[in-house]
Amino acid sequence: MKKNMLHRSATAAFIAVLALTAVALSSCAKKNIWSTDLAKAMTIAEKKGRNIFLVFSGEDWNDQSKALKTDILNTKDFKKEIAPKYVPTIIEFSQSEYAKTVTDENSTDEQKKEAERLTALYAEKQKILQEYYVDSFPAIYILSSEGYVISTIPYTDAMTSVKDLSAELESRRELMDAVSEDIALVNKSEGTEKVKALDELYENTDKKYRAILNPAVSEIPSLDPANETGLVGKYELINGYADAVEKIVRDNDVSGAVSVLKKLCDSPRITDDQKQEALYTAAFMLARTGSQDYDTMTELLQKAFEYLPKSDMAQEIASTMDSIQRMKETVMKMQEAASAGNDGAVLN
């Protein structure tokens, strides 16, 4: 009797172990490898010493996004061959989810709370979308742990397998390694050496994605206070442009943006050609934002011209001043005609 009880006990224990093992294996098999938070993915990437495999997707409205997931991202081959090398991250733009940001008088408190959460979530997603200049779906990026763009991976209907994706990644291997080396050099350098490394990284980064480097390059003036590298003026100009754009986009403060660019001309590290460019850009900003302050535009352009009257840009500046003067005269004539018409209407 005792022997049978021990046998049954051992059998039960063995079955329990098998059951727990099956649950554990099932859990591992179903483990989600994807991060949906880019900031958290960057932290994980830094800790693991990996790059980020970032995907922008719109599965419930974009057929190519759906195909990418079905053919590649959700396969065992991707989880086995690609995912372990990166921190897989996906930012999903779901129409059905976004629809829940809209509520009405019949919505419950829970639905309203969820709408607020999703509104904030999609505002952050939209910010990231703009930061990385995403203009089509799906979009694939390889990022450093800092969020710098190492490479983009074009997706087409011809990419139907992990093998195809691997081939695309391999074709960019040399370029990605070079950019990764630039980033590593930035991270381990100090002072003027870091300035040179940042400049190398900036120049090797696609122009569309250089704005992502702005927080890093904003440190350049403090890294090289004596301008030993001769690069400080270049990045004071770049930082000034970033500040000016932010004033326009965030605060709709065009005059503030113009002031930022004018102030750059006070820096002894800014060269005359850079000052000319800054003032020309300030006048351009006024014109593009619909300003009719033609006198200020002309003043900015005249000062820009005087810095280097024989430069390649000087002729364009002179031509622009003529155009602004003609525009000013046209607007004044229109205003005079309108005023005369109104006076006639009053008399009648």
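The values are calculated or read from the model by the stated rules, or taken from the named source; none is laboratory data. Keep in mind it's a predicted model, so treat the numbers as computed, not measured. Because the Cβ atoms are built from the backbone with ideal geometry, glycine has one as well, and the counts that use them run over all protein chains shown. The area values use the complete protein model at the heavy-atom level, side chains included, leaving out ligands, DNA and RNA. Shrake-Rupley method; radii C 1.70, N 1.55, O 1.52, S 1.80 Å.
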Work out, step by step, the length gained on full extension between Ser94 and Thr75: first 0.36 nm times the residue separation, then minus their alpha carbon distance; give nm to one decimal.
4.7 nm
Label 7 Å along Cα→Cβ of Gln335; segment 293-324 residues with amide nitrogen under 14 Å?
293-297
With T = 20 °C, eta = 1.002 mPa s and Kirkwood Rh from C-alpha pairs, the Stokes-Einstein D of segment 57-179 in µm²/s is about 131
Using a 1.4 Å probe on the protein chains only, how many percent of the accessible area of segment 227-336 belongs to carbon and sulfur?
50
Which lysines does Lys76 reach when only Cα atoms under 18 Å apart count, and residues fewer than 8 places away in its own chain are ignored?
Lys30, Lys31, Lys66, Lys85, Lys163
Taking the 0 to 90 degree range and rounding to the nearest ten, how far is the long axis of helix 312-347 tilted relative to the main principal axis of the chain, both from C-alpha atoms?
70
Once Ile248 and Asp266 are pulled to full extension, the length gained, defined as 0.36 nm per residue separation minus their Cα-Cα distance, is 4.3 nm
Per-residue accessible area for Tyr155 at 1.4 Å probe radius, Å² rounded to 10?
30
On average, how much accessible surface per residue is there in the chain, in Å², for a 1.4 Å probe, leaving out ligands, DNA and RNA?
61
Taking a ≥ b ≥ c as the square roots of the eigenvalues of the Cα gyration tensor of segment 123-252, is the shape rounded (a/c under 1.5), prolate (a/b larger than b/c) or oblate?
oblate
Summing +1 per Lys or Arg and -1 per Asp or Glu among the other residues with Cβ less than 14 Å from Asp199's Cβ gives -4
For Thr281, what is the net charge nearby, where nearby means another residue's Cβ is under 11 Å from its Cβ and Lys, Arg count +1, Asp, Glu -1?
+2
Spatial separation of Cα centroids for segment 276-337 and segment 128-204, in angstrom:
39
Scattering curve values for the chain, log₁₀ I(q)/I(0), Debye with Cα scatterers, q = 0.06, 0.09, 0.14, 0.15 Å⁻¹:
-0.39, -0.75, -1.19, -1.25
In Å³ per residue, the alpha-carbon convex hull of segment 246-348 encloses 107
Test of understanding: what is the full-extension gain from Tyr122 to Thr101, defined as 0.36 nm times their sequence separation minus their Cα-Cα distance?
6.6 nm
Do me a favour and compute the ellipsoid semi-axes for segment 29-101 from its Cα gyration tensor, root of five times each eigenvalue, largest one first, whole Å.
22, 16, 9
Highest mean first, how do 245-256, 80-91 rank when packing is the count of other Cβ atoms within 10 Å averaged over residues?
80-91, 245-256
Using DSSP to define loop residues, name the trypsin sites (Lys or Arg not before Pro) in segment 258-328 whose beta-carbon has at most 14 other beta-carbon atoms within 10 Å.
Lys310
Apportionment of accessible area to carbon and sulfur, segment 129-211, percent (1.4 Å):
45
A 1.4 Å probe over the protein heavy atoms gives segment 39-120 a carbon and sulfur accessible-area percentage of 47
